[in-house]
1. What length, rounded to one decimal in nm, is gained on full extension from residue 323 through to residue 159, with 0.36 nm per residue of separation minus their alpha-carbon distance?
2. At 0.36 nm per residue, minus the direct Cα-Cα distance, what do residue 272 and residue 248 gain on full extension? Give it in nm, one decimal, please.
3. Could you work out how far apart the two model spin labels at residue 205 and residue 257 are, taking each label as a point 7 Å from the Cα in the direction of the beta carbon, and quote it in nm?
4. To the nearest 0.05, how large is the calculated FRET efficiency for residue 132 and residue 51 if R₀ is 56 Å and r is the Cβ-Cβ distance?
5. Tell me, how many Å apart are the Cα centres for segment 229-255 and for segment 128-202?
6. Once you compute Rg and the Kirkwood Rh from C-alpha atoms, what is the Rg to Rh ratio for segment 129-219?
7. Please state the Cα pair-distance histogram of segment 261-332 with 5 angstrom bins from zero: what percent is in each bin?
8. What ranking do 317, 174 get, fewest neighbouring Cβ atoms within 10 angstrom at the top?
């Protein structure tokens, strides 16, 4: 086979990134022949595409941007149909060394307590506690829970923050109090969030009976209470359970993954993502400029590592990083233009 049409490294990389995005989209099957023809145009293209795949697997970060949008630069040898199709999505990848930076998160840890009375996390921590009955409790940053587990009693109360509770099977019910509500279960996995104005309880696995905190479990009201099944969420006020609302909706990927310190988004404004990172950050991330926070990003992000996240975002959008007054500032370089 004769190798054809070499192009510059930057252009072939851009084309490889664009093809990587397209071949993970809904039209991948229809584009297979065109993609194969692109690969056959030269070993530089095949190598670039392999590099994109390898770096994506190691960094798992995606970006949607004008850089790989409608005005993407393609070589004269690129198939004509490639140019307009590039507008729908793009992938920008970090350097391979970034993957090493993300291998561990010192903010995530676990321990085993036989009978803890209280578990709390500081800002930046995600902590898992394994209880003596086989259950486990993972607390998000800035969370606080009281635990009672003696003489066959299994009971906890989430005071603030977010917790994932995995209940070991037992004939004795496991009671969880949050705000004005309570749920009782004999096994399953549940996320509980105690916010300033709202409490949410979601079942990821298993069933629980949900009711008001101020009613005994043997009351007629509890017997008529709602059952929370997998994929169901209940929302209610911190002071009153009267207007509790149930919703059938599977947990979103970034909600399911939070105990790992990672989050996966299909599409999210950069400003929203930075706000989530800042929930954990000792040094908050600040986006300088009125438009940067509106940039849409998608992919898998390491929320508990503000420094690494900032470097990743800076690489993706070609930003400048400045440490000012205990904050990490990200801003566009002066020579970068939106029309690029």
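1. Net length gain for the segment: 55.6 nm.
2. Working it through step by step, the gained length comes to 6.2 nm.
3. With each label point 7 Å from Cα toward Cβ, the separation is 1.9 nm.
4. The formula returns an efficiency of 0.70 here.
5. 15
6. 0.92
7. 4, 17, 32, 30, 14, 2, 0
8. By the 10 Å Cβ count, ascending, the order reads 317, 174.
Any read-out appearing in this document is the output of simple, stated calculations on the displayed coordinates, not a laboratory observation. Computed from a predicted model, the values in this text were never measured in an experiment. Note that each Cβ is placed from the backbone with ideal geometry, even for glycine, and that neighbours are counted across all protein chains shown.
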